[in-house]
Structure formats: C-alpha cells, structure tokens
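We did not get these values from a lab; they are worked out from the coordinates using the rules stated. Bear in mind the structure is a predicted one, so any value in this text is a computation, not a measurement. Cβ atoms come from the backbone with ideal geometry, glycine included; neighbour counts cover every protein chain shown.
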Amino acid sequence: MNEPIIRTQQLFKSFPSGDRRLQVLRGLSLEVERGEMVAVVGESGAGKSTLLHLLGGLDRPDSGTILLSGREMGTLPPEERARFRNREVGYVFQFHHLLPEFTAEENVALPCLIRREPMEPARRKARQLLEELGLGDRLLHRPPELSGGEQQRVALARSLAGDPSVLLADEPTGNLDLHTSELVFTLIRKSACRRGAATVLVTHNERLASRCDRVCVLEEGVLCTLSGSRYKFGWESPAVKL
C-alpha cells in the first residue's frame, strides 16, 4: 500500500452563529493515496467546501491534524503555509477565478511566477499544459473570449502548473453542460493520474462521483462510505475506505 499523501485525523471545525457556534465537522478522518481520486458527496451545507479549505491550508481546524506529503499544515506559520500551498496544492473551484485582463497563457503561468520562476520557463510550462488540455489555439485569448468549458480548462491548467502532489476540486463541473462536464472531469482524472496527485473531488454529480476510485459521504460532520444505496458509517476506523 502506498503512503497516503493526504492524512487527516479527528478534524473538528465550527463557525460563529449568533451567540452559538455551528459545528460543521465532528471528528472527520480521511486518507488519500498517491494517484487516488476520492469523491466527497453530501447535502448542501454539510461541510464539503469547508473540508477542502482545511485540506488546502486556506483555513485551520479547531482541532485535529492534517498531514499533506508528511507536513503538518496546522503547525506551519502563515507565510510558510502559503508557500507550501503554492508548491504542493492545486485548487480547481466551481468558478474559474481567472484574471480577465490576462491571457490564458498568462493566467496559467501566474503560480510559477509567484514562486519566482523565470518568465520564459513559466510561459513554456503554461503553453505545454494548455496544449495538453486541448487549448493550444487559445493561448492568447483572454477569459471573456473563451467559453465556460474553456475557462474551466484554463483554471485546471493553472492548478497543475506547480506539479502539485494534492489536487482539490470543488464542484469543478457545477456550471457546465453535460458534455463539457464529462470532458472536464476526464481531463482532471487523466491529468491527476499522470502526475500521481492525490485528488479530492467535491461534487453533487452522482454519475461523476461513481467514476472515482472511492466515494465518501459527508454526513453529520463525519465521512461515511457509500455502500450500494445505503450509507455505512465508518466509526471503527479513523480512515474511511470502501
């Protein structure tokens, strides 16, 4: 068995809600191995995006541990956590968040430039990724000149620019039609597998979730395995697996 790239144990997370706190995660644990793709499904408000924010170092848990590639995210100072995130974590959001004044190539090269890579290698890597994702003829187009599916593919290329060991995707096909959703999902899967990234995909699309290596349901603050048409809670093991 491969060593997990993502390993979380007993994550708790709550948010202020009036004069109380809303408990979202209640002792959640998860392991994801290199090259594995795990779908996380659940009702709206269950905490799926919260989980991705914690995994990506965008937020911190109230308690519990998050190990990414052997590094404990909760103990890293903010600046070091940001550098680690830039180098190790790729994030694909439901909305592409591309910079409208930049070309597709410039948007994809941006993470490399942030980590102070020279301009020409960064642009060369951007061009290679865009060509790999079928956008070789859109390098100099700006986001308003691209279709929704093309914009999301540019966002995927940007998330892969740093060769991340972890790929997090938050409803990446939520705003796309059926055909484009299938295309973007297939590209995410192939790109992550080729690079050996550990991938966590949050989705409401049961068809796409079923094509992942594993499906976990986030319910009542913990992850459950999906078994047939019924949920099976994984209380016995801190790492929930099918």
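Below, the figures for the structure above:
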read-out	value
Contact order relative to length of the chain, as percent, for alpha carbon pairs under 8 angstrom and 6 or more apart	29
Electrostatic dipole magnitude of segment 105-229 [Cβ: Lys, Arg +1; Asp, Glu -1; Cα centre; debye, to 20]	500
Residues Asp213, Asp137, Asp62 arranged by fewest to most Cβ contacts within 10 Å	Asp137, Asp62, Asp213
Inter-centroid distance (Cα atoms) of segment 51-96 relative to segment 140-191, Å	21
Shape parameters for the chain, alpha-carbon atoms, Rg then Dmax in Å	17.8, 54
Trypsin sites (Lys or Arg not before Pro) restricted to DSSP loop in segment 172-229 with at most 16 other C-beta within 10 Å	Arg211
Loop-located trypsin sites (Lys or Arg not before Pro) in segment 110-151 whose Cβ has at most 11 other Cβ within 10 Å (DSSP)	Arg116
Stretchable slack from Asp62 to Asp163, in nm (0.36 nm times residue separation minus alpha-carbon distance)	33.4 nm
Protection proxy ranking, peptides 197-204, 73-80, 151-158, average beta carbon neighbours within 10 Å, highest first	151-158, 197-204, 73-80
Bridge type composition, the chain - antiparallel percent by DSSP, nearest 5	60
Dipole of the chain [Lys/Arg +1, Asp/Glu -1 at C-beta], most positive-end residue of Leu130, Gly174, Ala192	Ala192
Footprinting exposure proxy for Thr8, Thr103 (fewest neighbouring C-beta atoms within 10 Å first)	Thr103, Thr8
